[in-house]
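Novice: Supplied in structure tokens, the structure appears directly below.
The values are calculated or read from the model by the stated rules, or taken from the named source; none is laboratory data. Because the structure is a prediction, the values reported are computed rather than measured. So basically every Cβ, Gly included, is an ideal-geometry build from the backbone, and we count neighbours across all protein chains shown. SASA here: full protein model, heavy atoms, side chains in, ligands and nucleic acids out. Shrake-Rupley method; radii C 1.70, N 1.55, O 1.52, S 1.80 Å.
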Amino acid sequence: MELRARGWWLLCAAAALAACARGDPASKSRSCGEVRQIYGAKGFSLSDVPQAEISGEHLRICPQGYTCCTSEMEENLANRSRAELETALLDSSRALQATLASQLRGFDDHFQRLLNDSERTLQEAFPGAFGELYTQSAKAFRDLYAELRLYYRGANLHLEETLAEFWARLLERLFRQLHPQLLLPDDYLDCLGKQAEALRPFGEAPRELRLRATRAFVAARAFVQGLGVAGDVVRKVSQVPLGPECSRAVMKLVYCAHCLGVPGARPCPDYCRNVLKGCLANQADLDAEWRNLLDSMVLITDKFWGPTGAENVIGSVHSWLAEAISALQDNKDTLTAKVIQGCGNPKVNPQGPGPEESRRRGKPVLPEKPPSGALQKLVPEAKAQLRDAQDFWISLPGTLCSERLAMSSASDDRCWNGVAKGRYLPEVMGDGLANQINNPEVEVDITKPDMTIRQQIMQLKIMTNRLRSAYNGNDEDFQDASDDGSGSGSGDGCADDVCGRRVGKKSSSSRTPLTHALPGLSEQEGRKTSAARCPRPHPCLLLLPVLSLVLAAAGPRWR
């Protein structure tokens, strides 16, 4: 009796396993009506779908049990699953691209409007205040604003040199206009130019404009460029095609349940995450440098405020120009005497008008323009959106599973685990390429990173370095020549505990190199900190290993 009972249970167990493999405990001839409906809704011909289940030895992706899918159906659904995932990736990236593009338009319009308003105020106020002293040099002012716009838009201009050349040209023009009764040949004006720095004909206005404008324009330019680079990276990465192993895994995740007769079973959460963590492993490697970029962009918005901030300085360029011309008029006699002392007496122009014809008209009355409030709205919104986007790359698998792949709400016995309806037991893999070596669902070659994505990691690094320089008031585009583009670290070659470089994944405050290293520093102190934050070892220390070898070779008596 005991042997009969044991045999009975063995038969039951075998039957249960067979039923599980084919997805239907009831009958081998189960109708394929539900699969026909789903397959037809995808736009495929129903002539490919069998009326009832058939043996599945022909299947190459799905488990080989009784099935409603032919080889052609499996191939069609595999191609469709890949296309659907790629579309989902594009949709997610387009939403982020739209956010970044909207921010870029908002800030770019605001900064350009500030500069345009400044030039318009100059054109309206200067003719009445300075007369021909302005109108005969109006082109020099127009050229200055044109070059400021070019610099802001990313032209390869050195802003300090641009300003220096402007003041030099302006001094030659205005000195001639202030002394129409004198003959001033080019060699005399060259002598004047050489003495200009010591004479300070325009007072402190050129120095103040240089110090403030360089910091303000470089901060505004770097921030807007950062938005452009971030959007470009998202666009290019979203177009990276999925590999064949990913396509197989996604087919098994999404459509094999239909083929095996359990179309109502949705993917188990951990199963779905493992598939997409494998498929998007290279994308997840963007995480560290992506966070560094966004953190740096959030931080540099602090440079938009205050007397030396971009908001105030870019919109007030005309004020320093007015101060400069007024200072030149006020110091005209003293300046002329010093120029004659240094360059000699110029000849009189017999046909020139008398000096009384170029008398001063007075300082321009510049209207006080209250802040528009646009920046007060733009900056908080941008900060919030940039912080929300920090997790974009590592959150993609979970987001797509929950929003696009109809993932089951719980990991229980009713979800699809890739083989049958039941619990999913393997652990969830970590983020990034290196963590996929034991991924049970997707075969990932961790030795072959995607080169397009590695290039974008490098672009993120370069832009972050620009932002760090801009935060310190410097306009530097540099790239560490020793960087191999692997996407790890910041490329500065410094130890973490010396430079304060941190690349974490959970807390943004522990990832931004600028956040803890620079807040509270003056701009001058910030530059010193940036230049000296990585102390070099003393040269003698480098000789210690060599000295040890020499002593060892010399024998015990020298030790």
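Novice: Which ranges mark the helices (runs of 4 or more DSSP H) fully within segment 149-267 that have 2 or more residues being open to solvent by 10 Å² or more (accessible area, probe 1.4 Å), at pLDDT 95 or above and touching a helix residue (DSSP H, G or I) at 6+ places or on another chain (Cβ under 7 Å)?
Specialist: Answer list for segment 149-267: 205-238.
Novice: Moving on. Considering only residues that are open to solvent by less than 50 Å² (accessible area, probe 1.4 Å) and either charged (D, E, K, R) or in a loop (DSSP other than H, G, I, E, B) (or both), look in segment 118-139 and name the one that is modelled with the highest pLDDT.
Specialist: Ranking the qualifying residues of segment 118-139, first place goes to 119.
Novice: Another question, then. Only residues that are farther than 17 Å from residue 254 by Cβ, not charged (D, E, K, R) and not in a helix (DSSP H, G or I): list them for segment 56-109, please.
Specialist: Residues satisfying the conditions are 56, 58, 64, 65, 66, 70.
Novice: Looking at (1) part of a loop (DSSP other than H, G, I, E, B); (2) over 44 Å from the mean Cα position of the chain (by Cα); (3) of a type outside the set (Lys, Arg), which is the one condition that is false for residue 44?
Specialist: Single failed check for residue 44: (2).
Novice: Just to be sure, is residue 299 in contact with a helix residue (DSSP H, G or I) (Cβ under 8 Å, 6 or more places away or on another chain) and crowded, with 24+ Cβ neighbours inside 10 Å?
Specialist: no
Novice: Out of all the residues in segment 402-417, is one or more part of a helix (DSSP H, G or I), open to solvent by less than 10 Å² (accessible area, probe 1.4 Å) and at pLDDT below 95?
Specialist: Scanning segment 402-417 turns up no residue that is part of a helix (DSSP H, G or I), open to solvent by less than 10 Å² (accessible area, probe 1.4 Å) and at pLDDT below 95.
Novice: Within segment 444-463, does at least one residue satisfy the condition of being at pLDDT 90 or above, buried (at least 18 other Cβ atoms within 10 Å of the Cβ) and basic (Lys, Arg)?
Specialist: Checked against the condition, which is being at pLDDT 90 or above, buried (at least 18 other Cβ atoms within 10 Å of the Cβ) and basic (Lys, Arg), segment 444-463 yields at least one hit.
Novice: Of everything in segment 35-86 that's under 30 Å from residue 239 (Cβ atoms) and at pLDDT below 90, which residue is least open to solvent (accessible area, probe 1.4 Å)?
Specialist: So the residue we want is 39.
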